[in-house]
1. If packing is taken as the average number of other Cβ atoms within 10 Å across a peptide's residues, how do 107-115, 33-41, 72-80 rank, most packed first?
2. Arranged from highest to lowest average of other beta-carbon atoms within 10 Å per residue, in what order do the peptides 246-252, 140-146 appear?
3. Between Ser120 and Met71, what is 0.36 nm times their sequence separation minus the Cα-Cα distance? Round to one decimal in nm.
4. Under 21 Å Cα to Cα from Lys86, which lysines show up? Leave out anything in the same chain fewer than 8 places away.
5. Keeping all protein chains in the complex and leaving out DNA, RNA and ligands, what accessible area do you get for Ser161 with a 1.4 Å probe, in Å² to the nearest 10?
6. Find the centroid of the Cα atoms in the stretch 140-212 and in the stretch 51-111, then give the distance between the two in whole Å.
7. In whole percent, and with a 1.4 Å probe on the protein chains, what portion of the accessible area of the stretch 88-245 is carbon and sulfur?
8. Per residue, how much accessible surface does the stretch 86-222 expose to a 1.4 Å probe? Answer in Å², no decimals.
Amino acid sequence: MRTLAIDTCIALATLLVFCVGYILWDSDANYYQVDVSTLGPGPQNDLIRYGHALVVDTPRYIGSGAQGPAMAYAGNDLACKSCHLKAGLQPFAAPFVSTAATFPMLVNNKVLTLPERINSCVELGLNGRPLPDVSREMAALIAYIEFVGKDTPEGVRLPGSGLMPVKLPTEPPDSRRGIGVFAQHCTACHGENGQGQPKVSPEVGYYVPPLWGEGSFNAAAGMGQIAYAASFIRANMPVGTDYQSPALTVQEAWDVAAYVISNPHPVAAPEPPPEPDPEAELDLEVEADAATGQAASP
């Protein structure tokens, strides 16, 4: 069985790949100050506004308690902004500023499209089922992401994109130490049991999201991976933290991340088996025929 230290190194390597590629580009431009309230009337702007609403008030539209089961794409009542802070406009909180400009993206030798990336969040972060590619919801989310990324350079991840790289801890992450970090820095908002702060009915969702339990993210979500969680926490938590002056030490961020992901989360659905490779199968058949022919030779 792999140790936590090995898992940590693997996760960190993945995170570093995710974080590389930032360059400085037009430092006078502030791509994080986009405001949908400046939009005028019109069908396309209405679509952008709907996309923004889906990000900030996700459970109202597609949450587990959405009006009509057909619209309950999410399996919980988290919002996209639970991870993509400030509606995707906070640096190093997985912002949307470079998203449209960097998709489609090659991941593990497979071309990943923007709709597929969005549905990855819906299926894992929201523990739900994928949005249809032709749905108004998918169109609205893409329209909002493109609006947020307007005028950003193609193929470039701007400073603040993704998650902030985090150093390796001096000691292996320890969930037991993380309990103390959580009690000191996190319980005031997320509660002693990580349950968050639900909104008051008739509103749905959370003022502060739960960090574990059935209402939380799927175990396979990015936040369920220790390196991603440590990086997000270090740059953004407790709420109000400036990534340039983190409140937690590197070790504390890793320890509390270990504690959060050590608690129960919804089980990830098994990944579908890989599609067969016709060329590989043909090669195997040729090799088998050749071997049979050699065996039959006198």
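The values are calculated or read from the model by the stated rules, or taken from the named source; none is laboratory data. As the structure is a computational prediction, the values presented were derived from the model and not from experiment. Using ideal geometry, Cβ is built from the backbone for each residue, glycine included, and neighbour counts are taken over all protein chains shown. These accessible areas exclude ligands, DNA and RNA; they are computed on the full protein's heavy atoms, side chains included. Shrake-Rupley method; radii C 1.70, N 1.55, O 1.52, S 1.80 Å.
1. Ranked from most to least packed, the peptides come out as 72-80, 107-115, 33-41.
2. My ranking of the peptides, most packed first, is 140-146, 246-252.
3. Going from the current span to full extension adds 15.9 nm.
4. Cross-link targets: Lys150, Lys199.
5. 0 Å²
6. 13 Å
7. That fraction is 55 percent.
8. 50 Å²
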